[in-house]
Amino acid sequence: MLAARLSALPAFPLAQRMSRMKASAVREILKVAERPDVLSFAGGLPAPELFPVEAIAQAHADVLADDGRAALQYSTTEGYGPLREWIVSHLAERGLHAATDQVLITNGSQQGIELVAKMMLDPGDVVLVENPSYLAALQTFSGFEVNFAVVGSDNDGMRVDDLERAVAERKPKLIYLVPNFQNPKGTTLSLERRHALVRFAQRHRILILEDNPYGELRFRGEHLPSLASLDTEGVVINLGSFSKTLAPGLRLGFAVGPRELIRHLTVIKQATDLHTATLAQRAAARLLSRFDFNAHLEQLRGVYGERCETMLASLEKYMPAGTRWTRPEGGMFIWVELPRGMSADALFPLALDKRVAFVPGSPFFASEPRSEFMRLNYSNRPPELIDEGMRRLGAVISSSQQQ
Ligand code: PMP
């Protein structure tokens with residue numbers, strides 16, 4: 001009754017920005033793909049069987065037993081000191097040297113994107129992104145009523161050689177990219193391009209937002225230095241996350257950058273949510289102080305590497321000629337290009353009929369959407385189901401190609 005009455009009330013005039021805030025097409029797809037009979041490779045979910053559930057439970061119990069009142073109290077916006085210190089020493093091992101007051105704990109790296117957008121962007125400003133790009137970042141930027149400048153990407157990541165053109169046409173205020181195992185493509189920015197991009201940003205004084213939730217999930221090849229570690233002039237903010245290394249439900253991420261910008265982000269975060277959950281931060285700090293994080297990462301890399309290899313081998317086995325895909329060295333996604341003339345949007349319902357799902361690539365494009373791509377996730381299914389899923393998908397693509 002109440003619901004019926006509420007829906008009859010007149011709508012309120014919403015903020016201008018809401019005209020740009022569309023519900024994510026991917027969320028709608030994920031709802032359908034969740035059907036229990038469907039083998040879905042659509043989501044971006046880590047493998048839940050690898051969450052260190054017991055260690056996380058123990059860390060929470062210990063924090064509550066030893067220091068329960070502080071763990072349940074309001075705390076500082078910057079974040080819990082020992083967690084920030086752990087992040088500082090962990091990043092130093094990866095070649096990124098920062099002081100504790102250059103680290104802000106965020107509610108996942110998604111919040112880092114939002115805070116940086118709020119700090120930098122006015123309506124009509126230009127954000128430069130790789131095309132295709134992480135969808136939820138595009139959504140965040142759209143909420144600030146910005147325009148996008150795009151540069152393409154290839155197997156070595158963002159086409160840095162195309163930046164001069166893009167910047168000459170429209171001066172961006174921010175460059176956003178995912179250099180490691182990009183979402184959606186799974187590709188990684190080469191070392192040469194990393195140097196060139198940082199030099200470019202320094203020359204033009206444009207801030208780079210380096211979003212790096214997957215960097216620890218490298219299962220092949222050599223670790224590459226972060227953009228932030230190559231920067232000596234304070235033009236990079238680096239975002240990290242515990243979502244893919246511990247568990248996304250903790251909602252723990254961090255932003256690292258020039259002290260002055262981190263101070264601005266802290267003020268914005270205070271106005272947004274006061275601080276990230278005290279209990280989660282303290283439990284994570286406790287966990288990381290005694291848990292073999294490197295061994296845990298090794299296990300994740302082993303499992304994801306095997307799943308990726310399985311998916312690549314199954315694609316080889318089942319996809320018709322003319323289908324192409326990326327070969328990630330880490331992360332969670334493969335990007336597939338369909339044979340000429342085929343559309344992933346048109347294929348999606350046919351695949352669902354055969355009980356297999358993927359995400360069509362079109363929503364990931366910041367400029368004209370292209371329909372011949374799909375994103376496949378391999379982290380969330382065991383090898384046997386990956387093979388079965390690719391068998392179903394290959395059959396759907398082959399049969400719709402013949403029609
Ligand atoms: N950036 C990228 C590229 C992502 O793929 C994701 C998660 N899908 C996020 C940021 C957000 O992650 P979280 O907020 O859980 O750290």
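The values are calculated or read from the model by the stated rules, or taken from the named source; none is laboratory data. Note that the structure is predicted; figures quoted are calculated from it, not measured. Note that we place each Cβ from the backbone using ideal geometry, even for glycine, and neighbour counts take in every protein chain shown.
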Checking 269, 317 in turn, the sole residue that is of a type outside the set (S, T, N, Q), buried (at least 21 other Cβ atoms within 10 Å of the Cβ) and on the phi < 0 side of the Ramachandran plot turns out to be 269
With respect to residue 40, determine if the residue is of a type in the set (Ser, Thr, Tyr), in contact with a strand residue (DSSP E or B) (Cβ under 9 Å, 6 or more places away or on another chain) and closer than 30 Å to residue 349 by Cβ. yes
Selected residue (criterion: surrounded by the fewest Cβ atoms within 10 Å (Cβ to Cβ)) from residues of the stretch 31-59 that are closer than 25 Å to residue 299 by Cβ and of a type in the set (Val, Ile, Thr): 53
Residues in the stretch 324-371 that are under 25 Å from the mean Cα position of the chain (by Cα), assigned to a loop (DSSP other than H, G, I, E, B) and of a type outside the set (A, V, I, L, M) total 14
Would you please list the contacts, defined by Cβ atoms under 8 Å and residues six or more apart or on different chains, that run from a residue in the stretch 178-204 that is in the same structural domain as residue 225 (by TED's automatic domain parsing) and closer than 24 Å to residue 360 by Cβ to a residue that is of a type in the set (Asp, Glu) and surrounded by fewer than 22 Cβ atoms within 10 Å (Cβ to Cβ)? 181/329; 187/154; 187/156; 188/156; 188/329
Scan of the stretch 96-113 for residues that are within 14 Å of the ligand (Cβ to nearest atom), within 18 Å of residue 234 (Cα to Cα) and more than 14 Å from the chain's Cα centre (by Cα), ordered by number: 104
If I filter the stretch 382-394 for residues that are in a loop (DSSP other than H, G, I, E, B) and of a type outside the set (S, T, N, Q), do I get at least one hit? yes
Pairs where the first residue, in the stretch 236-265, is in contact (Cβ under 8 Å) with a residue 60 or more places away in the chain and farther than 15 Å from residue 211 by Cβ and the second is part of a strand (DSSP E or B) and away from the ligand (no atom under 16 Å from the Cβ), C-beta under 9 Å, 6+ apart: 261/207
Could you grab me the full set of residues in the stretch 135-170 that are touching a residue at least 60 places away in the same chain (Cβ under 8 Å) and part of a helix (DSSP H, G or I)? 135, 136, 137, 138, 139, 142, 143
